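Structure below; questions to follow.
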């Protein structure tokens, strides 16, 4: 098949969950013999030198891109608030330049499937219909309005809470109004599929989780620092910021009392200064900022900490951690979309008491730590093979083509 992927940022380098999910799917489709063209927005926030991306992706896709400024503007946000019903989150990604590039590509190529990566690219479906008869697939990376509703529930500032509540409502209306504008729906999790179907989707759907290249699975936890806790994720994402602050304030002090030599490593891109100031107050915390190689960062550390209370979809970083045999401690929200089992291949804790208790248990019980890590790797190999997942998705596309 000839497939066009539309992305609101470069999937290279694949360092955050969204980029990894897109990159792995592109690679899987290519490995299964499909011809992929990838059109991406090259935003200022996630700017990539085009030559580097083209070199990295040349063996799996033909790359096209448009430089677009999607930075948040207070003035534009206020205008949007007063004069638009479209959420500002979506409005930032509506671009005449991107529209013209889509038209140009569709005039020069005939595709079987056009796959839209994420909710905020659904406004382009209308122009795609005008210039192509290809099947349109909407890959839902998460339930977008759910993320914002959860952020609202965790916000304490009254005025900010009121704004976020209104924004969450707009996002929900936008998400509902986007339903069925596509031909095929591809949620990343079964839970997301159920929610979207309950909201009104009646188009054919196929759950297709973010896969993992199982060739990268490394057995054993040799040379691992047993006292090293770690976090890895985008630090400009509000749910990650909330979770880290909660962990540092509520959980880490108790862990340190019982294990004074424990260290907590934090890595991720675009950390705001206010977060860095909070992070660096504790001598047991090592803040590294953005790391060049996620696997190299994770390989010698023991316990992955994913303290999430808002968000939606699937946490791809958890998949990577499990693939490396790490004991992952997360919340029910963090584990959503991953069919792992508590105390078998992952640890799930939602209260402060339980989160601290489970980390201490892993630190002090080597056999338990080893069991969780080994079972985590086994789970990834058996359930998350990227080539198998993308092959099944391609079968779904072929079976539902016009």
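Each reported figure results from applying straightforward, stated rules to the coordinates on display, with no laboratory input. Because the structure is a prediction, the values reported are computed rather than measured. Glycine also receives a Cβ, built like all others from the backbone with ideal geometry; neighbour counts cover every protein chain displayed.
If you average the C-alpha positions of the stretch 244-290 and of the stretch 148-167 separately, how far apart do those two centres end up, in angstrom?
So the two Cα centres are separated by 25 Å.
Compute for the stretch 174-219: radius of gyration divided by Kirkwood radius, i.e. Rg/Rh, restricted to C-alpha atoms, rounded to two decimals.
Reported Rg/Rh (Cα atoms, Kirkwood Rh): 1.17.
Would you mind checking the tilt of helix 386-400 against the longest principal axis of the Cα atoms of the chain, expressed as 0 to 90 degrees and rounded to 10?
Orientation of helix 386-400: about 30 degrees from the principal axis.
Let a ≥ b ≥ c be the square roots of the eigenvalues of the Cα gyration tensor of the stretch 154-196; is it rounded (a/c under 1.5), or, if not, prolate (a/b larger than b/c) or oblate?
Because a/c hits 1.5 or more and a/b fails to exceed b/c, the stretch 154-196 counts as oblate.
Further, regarding this structure: What shape does the stretch 146-263 have by the C-alpha gyration tensor, where a ≥ b ≥ c are the square roots of the eigenvalues, rounded means a/c under 1.5, and otherwise prolate means a/b greater than b/c and oblate the rest?
Numbers: a/c = 3.75, a/b = 1.38, b/c = 2.71.
Oblate shape, in that a/c is at least 1.5 and b/c is the bigger or equal ratio.
Just to be sure I understand the curve: with the Debye formula and one point per C-alpha of the stretch 62-108, what is log10 I(q)/I(0) at q = 0.13, 0.29, 0.30 Å⁻¹?
-0.39, -1.06, -1.10
Kindly rank 35-46, 72-83, 54-65 from highest to lowest mean number of other beta carbons found within 10 Å of each residue.
Descending packing order for the listed peptides: 35-46, 54-65, 72-83.
If you fit an axis through the alpha-carbon atoms of helix 366-383 and take the longest principal axis of the Cα set of the chain, what angle between them do you get, 0 to 90°, nearest 10?
Taking Cα atoms only, the helix is inclined about 10 degrees.
Here is a follow-up. Measuring from centroid to centroid over Cα atoms, what is the spacing of the stretch 73-126 and the stretch 300-373 in Å?
36
Can you pull the percent of Cα pairs in the chain with separation above 38 Å?
Roughly 19 percent, rounded to a whole number.
Here's a follow-up. I need the peptides 223-229, 151-157, 354-360 ranked by packing, meaning the mean over residues of other C-beta atoms within 10 angstrom, with the highest value on top.
Answer by packing, highest mean first, reads 354-360, 223-229, 151-157.
For the stretch 1-155, just list the percent of Cα-Cα distances falling in each 5 Å bin from zero outward, please.
2, 8, 17, 21, 21, 15, 8, 5, 2, 0
With N set to the residue count of the stretch 21-100, report its C-alpha Rg divided by 2.2 N^0.38 Å to two decimal places.
Cα Rg divided by the expected 2.2 N^0.38 Å: 1.37.
Using alpha carbon coordinates only, what is the Rg to Rh ratio of the stretch 200-259, with Rh defined as the Kirkwood radius?
Working: Rg = 18.5 Å, Rh = 16.1 Å.
Result for the stretch 200-259 is an Rg/Rh of 1.15.
Can you give the Rg to Rh ratio for the stretch 260-325, taking only C-alpha atoms and Rh from Kirkwood?
Dividing the radius of gyration by the Kirkwood radius yields 0.96.
With viscosity set to 1.002 mPa s and temperature to 20 °C, compute the Stokes-Einstein D of the stretch 214-383, Rh being the Kirkwood radius across alpha carbon pairs; µm²/s, no decimals.
136
Go ahead and estimate [θ] at 222 nm for the chain from helices alone: -39,500 (n - 2.57) per DSSP H run with n ≥ 4, summed, over the residue count, rounded to 500. Mind dumping the intermediate values first?
Numbers: 18 runs with 185 residues, N = 402.
Only helices count here, giving -13500 deg cm²/dmol.
Now, a different point. Need the C-alpha centroid separation for the stretch 1-66 versus the stretch 374-402, integer Å.
If you average the Cα positions of each part, the centres end up 19 Å apart.
Measure nothing but the geometry: give the 0 to 90° angle between the long axis through the Cα atoms of 74-83 and the longest principal axis through the Cα atoms of the chain, rounded to 10°.
Helix 74-83 sits roughly 60 degrees off the main axis of the chain.
Can you give me the three principal axis dimensions of the stretch 328-391 from its C-alpha atoms, in Å, biggest first?
43, 26, 11
Over the stretch 214-383, what relative contact order in percent results from Cα pairs under 8 Å that are six or more residues apart?
Details: 301 pairs, mean separation 44.5, N = 170.
26 percent.
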